[in-house]
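**Q** The structure that follows is given in the form of structure tokens.
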There are 2 protein chains.
Amino acid sequence: MTDRLDAQIAFLKEADKLKSVLRASRLISADRHENSAEHSWHIMLHALVLADQAGPQVRIDRVLRMLLLHDIVEIDAGDAPIHGDVDHVAMARAEAEAARRLFGLLPADQADDFRTLWEEFEAAETPDALFAKAIDRFQTPVINLENGGGTWTEYRVTLEQLDTRVGVPIRRGAPGLWDWLQPRLAAFFSAGARSD
Amino acid sequence: MTDRLDAQIAFLKEADKLKSVLRASRLISADRHENSAEHSWHIMLHALVLADQAGPQVRIDRVLRMLLLHDIVEIDAGDAPIHGDVDHVAMARAEAEAARRLFGLLPADQADDFRTLWEEFEAAETPDALFAKAIDRFQTPVINLENGGGTWTEYRVTLEQLDTRVGVPIRRGAPGLWDWLQPRLAAFFSAGARSD
């Protein structure tokens with residue numbers, strides 16, 4: 001039991017590094033970039049609060065576990081900005097290797113469970129994963145609307161690009177959230193605030 | 001439904017401020033203070049990984065929800081350092097008022113549910129709350145052991161004080177974690193590292 005606990009605590013100490021992985025997006029206050037640990041907490045809160053936007057097959061507690069783990073691979077692989085110029089094949093390879101190393105710090109049963117849950121999230125096919133992905137995509141646009149455009153300005157993003165990169169996954173997993181968000185995005189972009 | 005969603009998103013935007021509430025403790029890397037949002041994520045990860053330290057009555061998914069919400073009151077009330085000179089009666093009053101205002105941003109049914117869960121955590125009487133409290137107390141000592149003493153040095157904490165402030169709640173909710181931690185604390189303090 002001590003070996004098991006030693007392995008678990010070694011993993012939890014390594015996970016502390018997620019607090020130092022910075023995302024492209026900023027806080028609503030805009031005074032610094034968001035890190036992936038606090039982002040994970042925030043989207044878990046979104047999933048719990050917005051649970052009534054999920055379909056009847058979605059189990060929110062599984063979604064919460066999925067979101068708790070979903071960014072840990074970034075400790076090794078870094079964050080890939082959604083609007084950045086990313087080699088997605090290389091990134092997927094780096095993240096799979098990161099999942100092996102990081103979850104592999106845990107006892108074998110937990111390593112398997114956690115990696116399986118992370119792979120389900122990445123595959124974005126089950127109802128739980130589709131809702132989790134929708135929630136993950138929803139938070140940043142809400143922040144950007146509040147802080148004057150955020151990453152949209154920095155990466156020169158168009159409304160059409162947002163419809164593909166954000167609209168598609170949100171419509172698949174939580175269409176009601178897209179109904180709320182889309183007119184606000186359209187108003188923001190038509191006001192020309194993006195190019196300020 | 002739109003009013004409901006507007007209220008939920010207003011709450012989620014307000015919750016972003018938890019990322020700017022700084023705790024007394026630092027990251028393992030020691031290069032900055034930890035904020036309460038990333039702390040919340042980290043202790044949820046502790047609860048999931050260390051679930052086999054919980055008693056048979058503990059429902060981990062309820063514990064995760066409790067820990068997801070447990071620090072939100074700090075947006076208004078601030079963080080009370082465990083080793084600081086805190087007026088606990090005044091703090092409890094400020095936190096109760098914060099819970100009313102912050103959870104009160106949500107639709108009434110969620111406001112009631114969230115405040116009830118937070119009050120259960122604070123009361124520390126149910127098996128779920130006792131395990132959640134134990135986990136909340138366990139993370140910082142593990143960090144302090146890694147980064148040279150952290151808040152123990154800053155607040156001139158003794159091993160005896162730690163036994164009361166940290167040992168008691170951990171023994172009540174997760175005694176196996178205290179069995180792991182206590183000899184490490186004793187070794188750290190007997191080595192005199194605290195007064196470096």
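Values quoted throughout were computed directly from the atomic coordinates according to the rules given, and no laboratory measurement underlies them. Predicted model only: the values in this text are computed from it and were never measured. Using ideal geometry, Cβ is built from the backbone for each residue, glycine included, and neighbour counts are taken over all protein chains shown.
**Q** I'd like to compare B:180-189, A:164-173, A:127-136: which one has the highest average count of other Cβ atoms within 10 Å, and what's the full order after that?
**A** Details: B:180-189: 16.3, A:164-173: 18.4, A:127-136: 25.0.
So the peptides B:180-189, A:164-173, A:127-136, ranked by packing, come out A:127-136, A:164-173, B:180-189.
**Q** If you don't mind, there's one more thing I want to ask. Under Stokes-Einstein, with the Kirkwood radius over Cα pairs standing in for Rh, what whole-number D in µm²/s applies to segment B:151-196 at 20 °C and 1.002 mPa s? If you can, show how the numbers build up before the last one.
**A** On the way: Rh = 10.9 Å.
Answer from the Stokes-Einstein relation: 196 µm²/s.
**Q** Now for a separate question. How far is A:Asp52 from itself in the other copies, in nm, if each label sits 7 Å out from Cα along the Cα-Cβ line, shortest first?
**A** Going from nearest to farthest copy, the values are 4.0 nm.
**Q** Treating the point 7 Å from Cα along Cα-beta-carbon as the label, what are the nm separations from B:Pro183 to the other copies, to one decimal?
**A** Here the equivalent label points are 6.5 nm apart from this one.
**Q** Averaged over peptide B:62-74, how many Cβ atoms belonging to another chain are found within 10 Å of each residue's Cβ? Before the final figure, lay out each step's value.
**A** Values: counts 1, 0, 6, 5, 0, 2, 8, 2, 0, 1, 1, 0, 0.
Mean inter-chain Cβ contacts per residue within 10 Å come to 2.
**Q** What do you get for the angle between helix B:2-15 and the principal long axis of chain B? Use alpha-carbon atoms, 0 to 90 degrees, nearest ten.
**A** Compared with the principal axis, the helix lies near 20 degrees.
**Q** Taking a temperature of 20 °C and a viscosity of 1.002 mPa s, what whole-number D in µm²/s does Stokes-Einstein yield for segment A:1-45 with Rh from Kirkwood over alpha carbon pairs?
**A** Details: Rh = 12.0 Å.
Reported coefficient: 178 µm²/s.
**Q** Over the Cα atoms of segment A:68-128, compute the convex hull volume and normalise it per residue, giving Å³.
**A** On the way: hull volume 5.5 nm³, N = 61.
Cα convex hull per residue, to the nearest whole number: 91 Å³.
**Q** Give me the three principal axis extents of segment B:1-86 from the C-alpha atoms, as integers in angstrom, largest value leading.
**A** Cα spread of segment B:1-86 along its principal axes, largest to smallest: 41, 35, 26 Å.
**Q** What does the convex hull of the Cα atoms come to per residue for the protein assembly as shown, in Å³? List each step's numbers first, then the result.
**A** Values: hull volume 55.3 nm³, N = 392.
Taking only Cα atoms, the protein assembly as shown has a hull volume of 141 Å³ per residue.
**Q** Can you give me the C-alpha center-to-center distance between segment B:64-119 and segment A:159-183, rounded to a whole angstrom?
**A** Centre-to-centre (Cα) distance: 33 Å.
**Q** Let me see the pair-distance distribution of segment A:2-195: every alpha carbon pair, 10 Å bin width, integer percents in order.
**A** Going out from 0 Å in 10 Å bins, segment A:2-195 shows 9, 34, 37, 16, 4, 1, 0 percent.
**Q** Let me ask something additional. Once you place label points 7 Å from the Cα toward the Cβ at A:Leu159 and A:Ala186, how far apart are they in nm?
**A** A separation of 0.7 nm, rounded to one decimal place.
**Q** Quick one: divide the alpha-carbon radius of gyration of segment B:89-196 by 2.2 N^0.38 Å and tell me what you get. Spell out each step's value before the answer.
**A** Values: Rg = 17.0 Å, N = 108, 2.2 N^0.38 = 13.0 Å.
Relative to the rule-of-thumb radius for its length, segment B:89-196 sits at 1.31.
**Q** For Cα pairs less than 8 Å apart in space and 6+ apart in sequence, what is the mean separation divided by the residue count of segment A:2-195, i.e. the relative contact order in percent?
**A** On the way: 234 pairs, mean separation 47.3, N = 194.
Over segment A:2-195, the number comes to 24 percent.
**Q** Testing the spin-label approximation: label points 7 Å from Cα along Cα→Cβ at B:Ala10 and A:Arg93. State their distance in nm.
**A** Label-label distance for B:Ala10 and A:Arg93, simple model: 5.0 nm.
**Q** For segment B:140-149, what does the Karplus curve 6.51 cos²θ - 1.76 cosθ + 1.60, with θ = phi - 60°, yield as ³J(HN,Hα) per residue in whole Hz, taken in order and with x for Gly and Pro?
**A** So the Karplus estimates, Gly and Pro as x, are 5, x, 4, 5, 4, 4, 7, 10, x, x Hz.
**Q** What Kirkwood hydrodynamic radius do you get for segment B:50-92 when you take the inverse of the mean 1/r over all pairs of distinct Cα atoms, in Å?
**A** 12.7 Å
**Q** If you take each beta carbon of peptide A:11-19 and count the beta carbons of other chains within 10 angstrom, what is the mean? The partial results should precede the final answer.
**A** Numbers: counts 2, 11, 5, 1, 6, 12, 3, 4, 11.
Partner-chain Cβ atoms within 10 Å, mean over residues of A:11-19: 6.
**Q** Mind giving me the FRET efficiency for B:Asp113 and A:Gln57? R0 is 25 Å, r the Cβ-Cβ distance, nearest 0.05 is fine.
**A** Details: r = 22 Å, r/R0 = 0.88.
It comes out at approximately 0.70.
**Q** Only helical DSSP H runs with n ≥ 4 go in: add -39500 (n - 2.57) per run for chain A, normalise by residue count and round the 222 nm mean residue ellipticity to 500 deg cm²/dmol. Please list the in-between numbers first.
**A** Values: 11 runs with 124 residues, N = 196.
Calculated from helices alone, the mean residue ellipticity at 222 nm is -19500 deg cm²/dmol.
**Q** Is there a pair in A:Lys13/B:Lys13; A:Lys133/B:Lys133; B:Lys19/B:Lys133 whose C-alpha atoms are over 25 Å apart, and which pairs would that be? Intermediate values should be presented prior to the final figure.
**A** Working: A:Lys13/B:Lys13 29 Å; A:Lys133/B:Lys133 30 Å; B:Lys19/B:Lys133 21 Å.
Those over the limit are A:Lys13/B:Lys13; A:Lys133/B:Lys133.
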